[in-house]
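Pasting a structure here, questions to come.
The values are calculated or read from the model by the stated rules, or taken from the named source; none is laboratory data. What you see is a predicted model; the values in this text were computed from it and never measured. No Cβ is skipped: glycine too gets one built from the backbone with ideal geometry, and neighbour counts run over all protein chains shown. Protein only, heavy atoms only, side chains kept; ligands, DNA and RNA dropped before computing areas. Shrake-Rupley method; radii C 1.70, N 1.55, O 1.52, S 1.80 Å.
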Amino acid sequence: MPVVKRFLKYFKPYFGTLIISFVILFFVAVLWELNTAVAKLIMDGPLKEETNITKVEKKSLKKDRLKFVTKFKNKVKKYLEEKGLTEKINLKSDKTGDVLVIILIILGLYIIKGIATFFGYFLLGVTGHKVIRDLRNDLYSSIINQSVSFFDKYHSGTLISRITNDVFIIQNAVTTKIGDLVKESMFFILILLAIFYIDYRLSLLLLFIIPLIVIPVILISKAIRKATTLSQKKMAEMTNILKETISGSRIVKAFAMENFEIRKFMQKNYEFFKANVKLVAATVASSPIMELVGAISLSMVIVYGNIKIKSGEMTTGTFMTYITNVLLLYSPIRRLNKVNNELQQAMSALKRVFSLMDEKNLIKSPEKPVPFPEAIKEVDFKNVSFSYDGKKNVLDKVNLKARKGETIAIVGSSGDGKTTLVNLIPRFYDCTEGEITINGIDIKKFDLHQLRNNIGIVTQETILFDDTVFNNIAYGRSDIPIEKVEEAAKLAYAHDFIVKMKKGYHTNIGESGVFISGGQRQRLAIARALLKNPPILILDEATSALDTESEVLVQKALENLMKNRTTFVIAHRLSTIRNADRIYVISKGKIVEVGNHEELLNKNGVYRRLYNIQFGGGNE
């Protein structure tokens, strides 16, 4: 199976530890099987006289297939006598001595088995967690390296569910269930060998019952996989709702929509419940079938064993060992069935995880990238068209040029493609027609990380992390001296409010910067871009959501940021772009006007109309 084969590769670095754990668990299975021989020692030893079954004793002992067990017990007894323990415990008495020897054997077996079980499962558990760690790392790396279109396709709650819920299901299977699979399989094989060794005729008869187990298990496994897939899908949908309502809690409360959201969540929770009911039904269906087959097997053994004992072909102790093995045969089958149920759930989760990892990344670096230029001379859009769905163009034959140090403003109505246009520069998306060049070189020829490292972005939706002010400005560069961070903050007009905080630059600002104001968040984002010091800058509605006082400070910070950089500015407030070198007016995906502020006002076209809407028809 491709999924299993692919997953097994994650075990390769830990193959040695895995084999050791399997060997130990095999040893545990052997000890379990040896425990069944105790029944013979008891029935043919201390309890023989009490049960008074001695009519065919000689004939039974002659044909006894488990004579070696009794011989082993006698050797242990003799060894203890040689060590001088006869006086302390009455070993010479057949009855008392046998009981004490059997107790010592039982205790010895269980102590050794307990120690072996601990180390076997401990090694397997550590190996399993290492495998899950590697799988989770690969899954996260795969997701984080995907293009923006991937995140457009998948809801964030679905991705979170894959990394948490699906991986947890796999983790449960890997850390414990694989150990159960090995141990119980070995135990099952050893039991089969034991019952065939004791009496192969009856054992052959029991084999005919196996299809009664196998066929239902196959059918139930399919039902479990189907139910698990549905359950995980509903869990992802529920996670989506949780993510949206928690992150948007202010909107929920502002619109008094708590009851609406509760009803929506309860509906998804009910669908998740129904999916789990189907999973439970499929999982528990196998147990009654196993029990019925076990009852049929036991009935056959009792009838056959009674004939064997009466004919003197088997001792009572040997029969008890045989019947114990038959009863125990149900135990590994039942446990293996449970393991199979959970492994089927893990298989379904693995398919979902691997399907996510197999998503094709549409935006990649070339195999042999061209070195990024040290100095930016120009950024050029040449007949650029773009479509999200491959049908309708959002941008159509756009031609635009920005020279070194120029500020290029892009204006237009909402939905005309302004943000889409600037998103093509850092290759969040690739244009479907035409090309974008830097110094005459197609940006697709540059290493993706080099390209993006040379572009700074400040947007209306400021992204900050639940971390300190310093770490938000330095972002991933903890080796940056505090002086550099402070310098960037001063240029962004953020230093004054930062030093007034309780811990200054080491103050935690909360999730998405919830502990500071919108203007302060924006200035931290500008400081982050200043510290990056990119030659190309993109400002997307950077001041549109701010009050007048905050906007003044942010505008000053932006002016510092824009110095000596090639800057692309998107702004609804036309007052913020009056000093742009060129303004490109975009309408329905096409460039319809180009010029500076004065030129475009004099054209009395789209720009003039937008200006009049904002300023009530006034001139300047």
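What number of residues within region 362-389 satisfy the criterion of being under 20 Å from H449 (Cα atoms) and surrounded by fewer than 12 Cβ atoms within 10 Å (Cβ to Cβ)?
5
Looking at region 448-487 only, could you name the residues that are surrounded by 15 or more Cβ atoms within 10 Å (Cβ to Cβ), over 30 Å from P369 (Cα atoms) and at pLDDT 85 or above? Please lay out each step first, then the result.
Taking region 448-487 as the starting set, the residues that turn out to be surrounded by 15 or more Cβ atoms within 10 Å (Cβ to Cβ) are 448, 451-452, 454-460, 462, 464, 467-475, 480, 484-487.
Remaining after also requiring over 30 Å from P369 (Cα atoms): 460, 462, 464, 467-472, 484-487.
Matches in region 448-487: D467, T468, V469, F470, N471, N472, K484, V485, E486, E487.
Suppose we keep only residues that are at pLDDT 90 or above and either closer than 15 Å to L537 by Cα or hydrophobic (A, V, I, L, M, F, W, C) (or both) within region 427-447. Which one would you say is most open to solvent (accessible area, probe 1.4 Å)?
Among those that are at pLDDT 90 or above and either closer than 15 Å to L537 by Cα or hydrophobic (A, V, I, L, M, F, W, C) (or both), it is I441.
In addition: Could you check P371 against (1) modelled with pLDDT under 90; (2) out of contact with any strand residue (DSSP E or B) (no Cβ under 7 Å at 6 or more places or on another chain) and say which number it fails?
If we test P371 against (1) modelled with pLDDT under 90; (2) out of contact with any strand residue (DSSP E or B) (no Cβ under 7 Å at 6 or more places or on another chain), just (1) comes out false.
Then there is this: Report, by residue number, each residue of region 432-490 that is on the phi > 0 side of the Ramachandran plot and within 29 Å of the chain's Cα centre (by Cα). Before you say what the answer is, go through the steps one by one.
First, pick out the residues of region 432-490 that are on the phi > 0 side of the Ramachandran plot: 434, 439-440, 475-476.
Across region 432-490, the qualifying residues are Y475, G476.
Within region 105-154, how many residues turn out to be open to solvent by 80 Å² or more (accessible area, probe 1.4 Å) and closer than 30 Å to I425 by Cα?
The qualifying residues number 7.
Would you check which residues across region 498-515 are at pLDDT below 85 and aliphatic (A, V, I, L, M) and list them?
Within region 498-515, V514 is the sole residue that qualifies.
Picking from L537, L530, L464, which residue would you name as being part of a helix (DSSP H, G or I) and touching a residue at least 40 places away in the same chain (Cβ under 8 Å)? Show your work before the answer.
On the way: L537 fails: part of a helix (DSSP H, G or I); L464 fails: part of a helix (DSSP H, G or I).
Answer to the check: L530.
Which count do you get for residues in region 495-528 that are open to solvent by 40 Å² or more (accessible area, probe 1.4 Å) and either within 15 Å of A557 (Cβ to Cβ) or acidic (D, E) (or both)?
Total satisfying the criteria: 6.
Considering only region 341-359, how many residues are touching a residue at least 24 places away in the same chain (Cβ under 8 Å) and surrounded by fewer than 19 Cβ atoms within 10 Å (Cβ to Cβ)?
Within region 341-359, the subset touching a residue at least 24 places away in the same chain (Cβ under 8 Å) is 341-354, 356-357, 359.
From the residues that got through so far, the ones that are surrounded by fewer than 19 Cβ atoms within 10 Å (Cβ to Cβ) too are 351, 354, 357, 359.
Residues in region 341-359 being touching a residue at least 24 places away in the same chain (Cβ under 8 Å) and surrounded by fewer than 19 Cβ atoms within 10 Å (Cβ to Cβ): 4 in total.
Just for region 494-512: of the residues that are in a loop (DSSP other than H, G, I, E, B) and over 18 Å from I463 (Cα atoms), which one is nearest to the chain's Cα centre (by Cα)?
Keep residues of region 494-512 that are in a loop (DSSP other than H, G, I, E, B), which gives 494, 500-503, 507, 509-510.
Pick out the ones that are also over 18 Å from I463 (Cα atoms) and you get 500-503.
Details: K500: 41, M501: 37, K502: 37, K503: 36 Å.
Per the criteria, the residue is K503.
With the structure loaded, tell me whether G519 is more than 29 Å from the chain's Cα centre (by Cα) and either in a loop (DSSP other than H, G, I, E, B) or modelled with pLDDT under 85 (or both) or whether it fails that test. Write out each step before concluding.
Details: more than 29 Å from the chain's Cα centre (by Cα): yes; either in a loop (DSSP other than H, G, I, E, B) or modelled with pLDDT under 85 (or both): yes.
Criteria met by G519.
Among the residues of region 395-405, is any open to solvent by less than 20 Å² (accessible area, probe 1.4 Å), part of a loop (DSSP other than H, G, I, E, B) and closer than 28 Å to R523 by Cα? Walk me through it before giving the result.
Here is the first cut: in region 395-405, the ones open to solvent by less than 20 Å² (accessible area, probe 1.4 Å) are 395, 398, 400, 402.
Still in the running and part of a loop (DSSP other than H, G, I, E, B): none.
No.
Restrict the check to region 86-99 and report whether at least one residue is touching an Asp or Glu at 6+ places or on another chain (Cβ under 6 Å) and at pLDDT below 75. Walk me through it before giving the result.
Keep residues of region 86-99 that are touching an Asp or Glu at 6+ places or on another chain (Cβ under 6 Å), which gives 91.
Add one more test, that the residue is at pLDDT below 75, and what stays is 91.
Scanning region 86-99 turns up at least one residue that is touching an Asp or Glu at 6+ places or on another chain (Cβ under 6 Å) and at pLDDT below 75.
Run down L531, L553, L561 and say which single residue is under 26 Å from D466 (Cβ atoms), open to solvent by 50 Å² or more (accessible area, probe 1.4 Å) and either among the aliphatic types (A, V, I, L, M) or at pLDDT 75 or above (or both).
Working: L531 fails: open to solvent by 50 Å² or more (accessible area, probe 1.4 Å); L561 fails: open to solvent by 50 Å² or more (accessible area, probe 1.4 Å).
Only one candidate passes the filter, namely L553.
What residue, of K234, K226, K253, K264, is modelled with pLDDT under 75, in a helix (DSSP H, G or I) and basic (K, R)? Spell out the reasoning first.
Working: K234 fails: modelled with pLDDT under 75; K226 fails: modelled with pLDDT under 75; K264 fails: modelled with pLDDT under 75.
Every option except K253 fails the conditions.
On the basis of being touching a residue at least 60 places away in the same chain (Cβ under 8 Å) and not β-branched (V, I, T), does L202 make the cut? So that I can check it myself, show each step before the final result.
On the way: touching a residue at least 60 places away in the same chain (Cβ under 8 Å): yes; not β-branched (V, I, T): yes.
Judged against the criteria, L202 is a match.
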